[in-house]
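Enquirer: Provided herewith is a single structure, encoded as structure tokens, for subsequent inquiry.
The values are calculated or read from the model by the stated rules, or taken from the named source; none is laboratory data. Here the structure is a predicted model, which is why all the values come from computation and not from measurement. Heads up, the Cβs are rebuilt from the backbone with ideal geometry, glycines too, and the neighbour counts pull from every protein chain shown. The accessibility values were calculated without ligands, DNA or RNA, using every heavy atom of the protein model including side chains. Shrake-Rupley method; radii C 1.70, N 1.55, O 1.52, S 1.80 Å.
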Amino acid sequence: MLTAHNEYSKVKEAISVDINEFLLKPVSSKNLMERMVSVLFNPQPIIRKGSYYGPRPRSASALMKQPDGTRDDLVMR
């Protein structure tokens, strides 16, 4: 997902609908190319978990802060 929206609620919503790649705009052409190459040449294994069947989500790079300042572990498993 390539987006300009990095609000906590938007990131959490993207994860909840099985978005497993997230790139925040503005993005350089170099970073976009690196991410595309990574996704194409290092695919995630396909998994089945409950009703989900698809690529194993990649881990989020950091913990997200909730609006109240507490942290919520958004690492996708």
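Enquirer: What list of ³J(HN,Hα) values in whole Hz, one per residue of the stretch 41-46 in order, does the Karplus curve 6.51 cos²θ - 1.76 cosθ + 1.60 (θ = phi - 60°) give from phi, with Gly and Pro shown as x?
Expert: These are the phi-based 3J(HN,Hα) values: 9, 10, x, 6, x, 7 Hz.
Enquirer: With a 1.4 Å probe and all protein chains kept in place, how do Arg56, Arg48 rank by accessible area, largest first? Intermediate results must be reported in sequence, preceding the final value.
Expert: Numbers: Arg56 105, Arg48 175 Å².
Largest to smallest exposure gives the sequence Arg48, Arg56.
Enquirer: Using a basic spin-label model with each label point 7 Å from the Cα along Cα→Cβ, how many nm lie between Ser9 and Leu23?
Expert: Taking the two extended label points, one gets 2.7 nm.
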